[in-house]
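A short reminder: the numbers here are calculations on the coordinates, not readings from a lab. Source: prediction; values computed, not measured. All Cβ positions, even for glycine, are placed from backbone atoms using ideal geometry, and neighbour counts span all protein chains on display.
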Amino acid sequence: MTLDGATALVTGGAVRLGREISLALARAGADVVICYRQSRDAADEIAKEERAHGVRALALQADAADSDQVEGLMARVLDEFARIDLLVANAGAFRRTPFATLTESDWDEMVRGNLDVFLVPATCIGRLMKAQGSGCIIAMADVAGLSPWPDYAPYSIAKSGVISLAQALARELAPEVRVNAIAPGPILFPADGDEAAFRREIARTLLRRHGTSSDITEAVLFLARAEFITGVVLPVDGGRLLSA
C-alpha cells in the first residue's frame, strides 16, 4: 500500500497510542479519520495538527462497538473521501480484574471494550474493502493475548479473541484485503497504575527496557506497506514473550 493519498481510519485515534498512530499516518501522507468516543477536544486538535502536514483530516465521534454508529461513521467518511484504504483498530479498554472479585460485568466490559470494538468496524469496513478491491486492516492486540496475565483474565481473553479474529478475517477477506495484528508489550503504562508491577514487566523483557510509541507506529507503517504479509501477529515487546 502506498500511504501517500490513502484514506486511513483510526479507532481510538485521539489519545495515547492512537494519537501517535494518527499523526504518523498523516506524516506518511495519508488522509486520516480519527474515530473517538469521548475525547472530542483532543481529536479536533490532532486533526488540526494533521492538516498542517498537508493532508485531509476528519474527527468523528462513534462507539466502535455499536454497529449503527459505525455504519453512520462509514457513510460520513465515504461522503468525504470516497473509500477507506486502511483501518487501524486501536480502541481498547484496560483494567485489572483480580480473579477473587471477578464479576460478569468485568467480562462484559473487557469483551466489549477490546474484542467488539475490533469486530464491528472490521466486519463493516472489511466488506467495503473487499468490494472496492483492496484494503488493509491492522488490529491492536497485546502480548497478554498470547500469554495471559494474572489478575487480567477478561482483558487477556478479549485480546486473544482479537488475535483469532484478525487471523480469521485474513482468511475471509483474502485476497483483496490484508489483515494483521500487533501485540505490544510494555509500551505506555497507565498513569494511575502499579509502578512496582511495571518495573517487574520491564525486568522480564530481554531488552530490559520499555518500548515507546514510535515502536508501535513503525510497526503500523510497516504492516500497512507490506503487501505480502497477512494473517500475522507481530509482537512488539522487547522479547517479553520469550522470557515468560
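Within segment 66-96, the set of residues being within 16 Å of VAL55 (Cα to Cα) and aliphatic (A, V, I, L, M) comprises VAL77, ALA82, ILE84, LEU86.
Got at least one residue in segment 81-104 being part of a helix (DSSP H, G or I), closer than 21 Å to ALA141 by Cβ and either more than 17 Å from the chain's Cα centre (by Cα) or in contact (Cβ under 8 Å) with a residue 24 or more places away in the chain (or both)? Checked segment 81-104: no residue is part of a helix (DSSP H, G or I), closer than 21 Å to ALA141 by Cβ and either more than 17 Å from the chain's Cα centre (by Cα) or in contact (Cβ under 8 Å) with a residue 24 or more places away in the chain (or both). Scanning segment 10-55 for residues that are assigned to a strand (DSSP E or B) and either among the β-branched types (Val, Ile, Thr) or within 14 Å of THR217 (Cα to Cα) (or both) returns VAL10, THR11, VAL32, VAL33, ILE34. Across segment 149-160, the qualifying residues are those that are surrounded by fewer than 18 Cβ atoms within 10 Å (Cβ to Cβ) and not hydrophobic (A, V, I, L, M, F, W, C), and the one among them that is nearest to ARG204 (Cα to Cα) is PRO150.
If you check ASN114, ASN180, which single one turns out to be of a type in the set (S, T, N, Q), within 21 Å of ARG37 (Cα to Cα) and surrounded by 19 or more Cβ atoms within 10 Å (Cβ to Cβ)?
On the way: ASN180 fails: within 21 Å of ARG37 (Cα to Cα).
Answer to the check: ASN114.
The set of residues from segment 128-145 being of a type outside the set (Ser, Thr, Tyr) and surrounded by fewer than 20 Cβ atoms within 10 Å (Cβ to Cβ) comprises LEU128, LYS130, ALA131, GLN132, GLY133.
Among the residues of segment 132-142, are any assigned to a strand (DSSP E or B), in contact (Cβ under 8 Å) with a residue 60 or more places away in the chain and under 16 Å from ALA65 (Cβ atoms)? Please lay out each step first, then the result.
Going through segment 132-142, the residues assigned to a strand (DSSP E or B) turn out to be 135-140.
Then keep just the ones that are in contact (Cβ under 8 Å) with a residue 60 or more places away in the chain; that gives 136, 138, 140.
Now restrict to residues that are under 16 Å from ALA65 (Cβ atoms): 140.
Looking for residues that are assigned to a strand (DSSP E or B), in contact (Cβ under 8 Å) with a residue 60 or more places away in the chain and under 16 Å from ALA65 (Cβ atoms), one finds at least one in segment 132-142, hence yes.
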